[in-house]
Amino acid sequence: MTRPPTLYVAITNHGFGHATRTSAVVAEIQRRCPQIQIILATTAPQWLLKTYLQKPVQWRQRAFDVGVLQSDSLTMDYGATLAALQTIQAEADERIAAEAEFLKAAQVDLVLADIPPLAVPLAHAAGVPCWMLSNFGWDFIYRPWGGEFGAIADWISDCLAGCDRLFRLPFHEPMAAFAHIMDVGLTGGDPAYDLAALRSQWSLQAPAKKPCCSLLGDWARPNPL
């Protein structure tokens, strides 16, 4: 009997945006190819991801990056972010070796990542390709911050350069570190909750509106250190 393919999905641990868009992609994979076994590697909350998924997955609590550490939704802690990144960089070989053994044992066929840089050398250490999806890389975020972030950005670019295929989402930065790019459209998920039930649960009496809120933080602040 032919073994079903296994997909290992690594999701960055910054915020909910990466987790929800990638979960929507995973849900579509489950719908179209229900035979694929999926492993989700992230510290994003399971309750959030489960609102998108069509069927059970194997959960793996793993953190391969930090994104940006923040004290609240707008205040970024540059010092703590740098320290965390330097720790990950120093421990990269050890983390990759340990998780690569898991990938081999689980007979993973492909790694899909949004968009922890370590996913690329991890996949290759396990002997499988790494595909990624995003509209930016973390090197793009860190490089303008200057100082010691420059070396971190260079290291991340080197990791991303080995990516076997990038699905580049709309509203993207150039993502010049990637050698193989395929431009695609926006991701989208199906609502998991009935609107009337939500309005009743939260006692919402006001007429329904459609606000759009976006909190991106102080990304462009130069030379924080």
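The values are calculated or read from the model by the stated rules, or taken from the named source; none is laboratory data. None of the values given here were measured: they were computed from a predicted structure. Reconstructed Cβ throughout: ideal geometry from the backbone, glycine too, with neighbour counts over all protein chains shown.
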Looking at VAL66, VAL26, which one is touching a helix residue (DSSP H, G or I) at 6+ places or on another chain (Cβ under 7 Å) and under 24 Å from ILE96 (Cβ atoms)? VAL66
By residue number, the members of the range 116-161 that are surrounded by fewer than 20 Cβ atoms within 10 Å (Cβ to Cβ), in a helix (DSSP H, G or I) and of a type in the set (Phe, Trp, Tyr) are TRP155
In the list ALA179, ALA113, ALA196, which residue meets the criterion of being outside any helix (DSSP H, G or I), more than 25 Å from LEU40 (Cβ to Cβ) and hydrophobic (A, V, I, L, M, F, W, C)? ALA179
Among the residues of the range 206-221, is there at least one that is surrounded by 10 or more Cβ atoms within 10 Å (Cβ to Cβ), modelled with pLDDT of 70 or more, more than 21 Å from the chain's Cα centre (by Cα) and farther than 25 Å from VAL26 by Cα? no
Restricting to the range 107-150, count the residues that are free of Cβ contacts under 8 Å to residues at least 24 places away in the same chain and either farther than 19 Å from PRO5 by Cβ or within 12 Å of the chain's Cα centre (by Cα) (or both). 2
Being touching a residue at least 40 places away in the same chain (Cβ under 8 Å), within 17 Å of ALA119 (Cα to Cα) and either assigned to a loop (DSSP other than H, G, I, E, B) or hydroxyl-bearing (Ser, Thr, Tyr) (or both) is the filter here; which residues of the range 32-84 pass it? ARG62, ALA63, PHE64, ASP65, VAL66, GLY67
Please enumerate the residues belonging to the range 182-195 that are surrounded by 10 or more Cβ atoms within 10 Å (Cβ to Cβ) and modelled with pLDDT of 85 or more. MET182, ASP183, VAL184, LEU186, THR187
Within the range 1-59, restricting to residues that are within 16 Å of the chain's Cα centre (by Cα), surrounded by fewer than 20 Cβ atoms within 10 Å (Cβ to Cβ) and of a type in the set (S, T, N, Q), the one that is modelled with the lowest pLDDT is ASN13
Could you check the range 79-115 and list, in sequence order, the residues that are surrounded by fewer than 19 Cβ atoms within 10 Å (Cβ to Cβ) and of a type in the set (Ser, Thr, Tyr)? THR87
Farther than 22 Å from TRP131 by Cβ and surrounded by 19 or more Cβ atoms within 10 Å (Cβ to Cβ): does that describe THR75? no
